[in-house]
Amino acid sequence: MKRKIINVGELTWLLAIVLCSLSVCLSANSGFGVSMIVAPAYILYLKIVTLLPWFTFGMAEYCLQGMLLLVCCMVMKRFKWKYLLSFGTAILYGLCLDFWRLVFGSAIYDILWLRFFSCVAGMIIGSFSIALFLRSYLPQEAYELLVKELSIKTGANMHKVKWIYDISSLGAAILLMFLFFHQFSFEMIGIGTLIVTLLNTPLIAFWGRLIDRYASLNSAFPKFYQKYEELMD
């Protein structure tokens, strides 16, 4: 039996942010469409950047997530510290996304095989990063947090809430696409979006089993973990 990598909870959280932002960058550069969760922010970015050239994809992400957290506060009718910390995670994720966009560029690739590779790599890396996120005790992005809070508020099954949220995100993205660009674009919502929708959940489960088998994601700083849990309660 192989020895597990132990007490890497904080590293898991940081790695999840870095890899999740990388996956979004690769998906966008493929030109085959981004995931339905990211699509509203991506379309918002494509519109605003035509008016404000300094506006970035990462900015669009944490601005949208900030609005989602405000919605979360209104739905739950209270403020929780984890909402503010979740926004901090969103900002860090947005900065990482902008970094990857500088590294790989923001234009859609011209070479077909590179576009396919970018789409597949983005899907695989993205599902792995979400599996890491789900196993970290540190604050997640607003997307995952809102689903969890709505599930608690309504008493509904989390998978059902997630499904409704995903469909709502897709609907919002299509609405924004027609509102801003007056047309449907497969570069925004396309075959890549469909592939992610079909394969993301089983891929996350696959990566989750591997992570649980080879790593223990407990905190490397027990005292910090205890104080953090007390604050979150």
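The figures follow:
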| item | result |
| --- | --- |
| All positions within the stretch 187-204 that are touching a residue at least 24 places away in the same chain (Cβ under 8 Å) and closer than 14 Å to ILE124 by Cβ | GLY192, ILE195, VAL196, LEU199, ASN200, LEU203, ILE204 |
| Residue count for the stretch 44-61, restricted to those that are part of a helix (DSSP H, G or I) and closer than 16 Å to GLY94 by Cβ | 10 |
| Top-ranked residue of the stretch 168-186 - restricted to ones that are over 14 Å from LYS47 (Cβ atoms) and touching a residue at least 40 places away in the same chain (Cβ under 8 Å), ranked as surrounded by the fewest Cβ atoms within 10 Å (Cβ to Cβ) | PHE186 |
| Failed criterion for GLY88 (all others in (1) among the small types (Gly, Ala, Ser); (2) open to solvent by less than 20 Å² (accessible area, probe 1.4 Å); (3) touching a residue at least 40 places away in the same chain (Cβ under 8 Å) hold) | (2) |
| Candidates ARG101, ARG78 - the one that is open to solvent by 70 Å² or more (accessible area, probe 1.4 Å) and either of a type outside the set (Ser, Thr, Tyr) or touching a strand residue (DSSP E or B) at 6+ places or on another chain (Cβ under 8 Å) (or both) | ARG78 |
| Selected residue [assigned to a helix (DSSP H, G or I), within 28 Å of THR12 (Cα to Cα) and within 22 Å of the chain's Cα centre (by Cα)] from LEU145, LEU175, LEU138 | LEU145 |
| Top-ranked residue of the stretch 43-75 - restricted to ones that are of a type in the set (Phe, Trp, Tyr) and closer than 21 Å to VAL18 by Cα, ranked as most open to solvent (accessible area, probe 1.4 Å) | TYR62 |
| Single unsatisfied condition, VAL71 versus (1) closer than 23 Å to PHE184 by Cα; (2) in contact (Cβ under 8 Å) with a residue 40 or more places away in the chain | (1) |
| Condition met for LEU132 (more than 23 Å from GLY9 (Cβ to Cβ), in a helix (DSSP H, G or I) and either open to solvent by less than 40 Å² (accessible area, probe 1.4 Å) or in contact (Cβ under 8 Å) with a residue 12 or more places away in the chain (or both)) | no |
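The values are calculated or read from the model by the stated rules, or taken from the named source; none is laboratory data. Source: prediction; values computed, not measured. Here Cβ is always computed from backbone atoms with ideal geometry, including for glycine, and neighbour counts include all displayed protein chains. Heavy atoms of the whole protein, side chains included, go into the accessibility calculation; ligands, DNA and RNA do not. Shrake-Rupley method; radii C 1.70, N 1.55, O 1.52, S 1.80 Å.
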